[in-house]
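Note sheet for the following structure.
Just so it is clear, none of the values below were taken in a lab; they were calculated from the coordinates. Since the model is a prediction, treat every value here as computed from it, not as a measurement. We place every Cβ from the backbone using ideal geometry, glycine too, and count neighbours over all the protein chains shown.
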Amino acid sequence: MSGIIGICYQNGRSIDRTELERITDSIAHRGPDGSGIWLEGGVGLGHRMLWTTPESLKEQLPLVSSRGDFVITADARIDNRDDLARQLNLTLSVDIPDSALILAAYEAWGENCPTKLVGDFSFAIWDKRKRAIFAARDRIGIKPFYYHYREGRVFAFASEIAPLFQAADLEKQPEQDAIREILATFAIAHGRTLFKGVQRLPPASTLMLCDGNLDVRRYWEPIAGQGRRKPDLAGHIEEFRHLFGEAVRAQIRSAYPIGCLLGGGLDAASVLCVAARLVPDRTRLSSYSMVFDLLPCDEREFIEQTVQQTGVGECYHRGRRGPRRGLGRFAGM
C-alpha cells in the first residue's frame, strides 16, 4: 500500500514544488518509508513509498525512463516478473523494481501494456512525446485510483479522495445520486464516488488524457465458460490446486516476515496451509486473528486447529483491547 498523486494543469499554470510536496505528504500514512516528487512545467507526480518486496527496498519513485521520455508513479506489485522479463528481453534482478518493468512494458506495448501485467497495481505515466497521461488499474481493483478532470483547466489523481480537494481546488460537495444508490442497494457504480467531480477509475480500465480529451476504456472482461464441458473432477482439482498455489506463492514474495489474517473459515485456513508449505522457516510466517469476547460467534476452536496443523505462530486481537503479542511489521496476505 503505497500512495500516488499527480497534477496536470492545462491552462498554462506551473506546478509549485512546495505545494506538490505538501499534497504528497498528505498521504504519508500510505507510505512511511520515503517520498519523492517530479515536476516539469504544469505536470507534477508524487509518491509515498511503503516497502514490501525485496525489489521495493531500492525503488525510487517517481521514476524517469532511461531516455527521459516517460515518468511513472505507481502503487504496484507485479507478480509475473519473470514472464515479463522474458518478453521484454530483460535480465531480471532485485535491482529492477516493478515500476521499471511497467515502464518497459509501456515502451514496448503502449496502451496495451496492462493486459501483460499480473498483480495488483494502479499507476500513471507522463508520456512526454505525446504530452499525455496514461493510467491503469488492476483487473480486480485492489489498488485505488481517484481522479478529477475540469476540461481546459486541471486533471488530478490520487490514491485517496482527500488530496484531490487540495490538488484541484475542488469544493467538497456530496453527489446525491450516488448517496441514494449506495443507501438503497448497498452498492455503487465503479466510476462514481460520493463527491461531485470525483471519479473512480474502474477496475480493469485504462485512462488516457491527450490533447484535452479524456478517454477511459476497459482492457479486460471475465470470460464465461462456453457450452458444457465433460466433468473431469480430478482435472479440475489439480488445476485449482495449481492456480491456488501460484496465487499464494505470488503473495509471499516479501522483504519482511509474512502475516496471514486467519479466521475460522476454509478460505483463510487454505491460504495459511499452502503458505506454510511454501515458507518452511516458521520465523517468517505468522497468523493473526480477530476475536470478540462479547459476541456469540467464536471461531477460536477452528483457528487453533489450523494453527496446530501448520505450526505457525499465532496472535489474537481481542476487539479493541489490543493484541496479545505485538504484530510487528508484516507483508500481509
### Query
Tell me which lysines have Cα within less than 23 Å of K58's Cα, excluding those fewer than 8 residues away on the same chain?
K143
### Query
How far is helix 98-109 tilted, in degrees, relative to the longest principal axis of the Cα atoms in the chain, given as a value from 0 to 90 rounded to the nearest 10?
60
### Message
To make sure I understand, if each residue's beta carbon is the centre and we count other beta carbons within 10 Å, what order do E299, E59 fall in, fewest to most?
### Response
E299, E59
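In debye, nearest 20: dipole of the chain around its Cα centre with unit charges on the Cβ of K, R (+) and D, E (-)? Kindly include the intermediate steps, with their values, before the conclusion.
Numbers: 43 positive and 42 negative charges, 17 e Å.
The dipole magnitude comes to about 80 debye.
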### Summary
Comparing H29, H47, H242 in a Gaussian network model of the chain (Cα, 10 Å), the one with the largest mean-square fluctuation is H242
### Principal axis dimensions, region 156-197 - Cα atoms, whole angstrom, descending
32, 18, 12
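In nm, what is the difference between 0.36 nm times the number of residues separating L214 and D169 and their Cα-Cα distance? Present the calculation step by step, with values, prior to reporting the outcome.
Details: separation 45, 0.36 × 45 = 16.20 nm, distance 1.95 nm.
Contour length minus the Cα-Cα distance gives 14.3 nm.
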### Query
Any idea what angle helix 176-185 forms with the longest principal axis of the chain, computed on alpha-carbon atoms, 0 to 90 degrees, nearest 10?
20
### Task
List every residue whose amide H lies under 5 Å from the amide H of G313, counting only residues 5 or more places away in sequence or on a different chain, with H placed 1.01 Å from N in the peptide plane.
S287
### Summary
With Cα springs under 10 Å, the Gaussian network model of the chain assigns the largest mean-square fluctuation among Y106, Y147, Y316 to Y316
### Query
Taking N as the number of residues in region 233-332, what value does Rg over Cα atoms divided by 2.2 N^0.38 Å take?
1.14
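Go ahead and estimate [θ] at 222 nm for the chain from helices alone: -39,500 (n - 2.57) per DSSP H run with n ≥ 4, summed, over the residue count, rounded to 500. Working shown, then result.
On the way: 8 runs with 88 residues, N = 333.
Roughly -8000 deg cm²/dmol at 222 nm, from the helical runs in the chain.
Of the beta bridges DSSP finds with both residues in the chain, what % are antiparallel, to the nearest 5? Kindly include the intermediate steps, with their values, before the conclusion.
Details: 55 of 67 bridges.
Restricted to the chain, the bridges split so that about 80 percent are antiparallel.
Give me W220, W51 ranked fewest to most by other Cβ atoms within 10 Å of their Cβ, as a rough exposure proxy.
On the way: W220 14, W51 20.
The fewest-first ordering by Cβ neighbours comes to W220, W51.
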### Task
Using a 10 angstrom cutoff on alpha carbons, build the Gaussian network for the chain and name the most mobile of I72, I142, I223.
I223
### Query
Taking Cα atoms, how many degrees apart are the long axis of helix 300-310 and the longest axis of the chain, rounded to 10 and kept between 0 and 90?
90
### Task
With a Förster radius of 56 Å, plug the Cβ-Cβ distance of L90 and R192 into 1/(1 + (r/R0)^6) and report the FRET value to the nearest 0.05.
0.90
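With 31 Å as the cut-off, how large is the P(r) tail for region 3-218, expressed as percent of Cα-Cα pairs? Walk me through the numbers on the way to the answer.
Working: 3754 of 23220 pairs.
Looking at region 3-218, the distances longer than 31 Å represent 16 percent of pairs.
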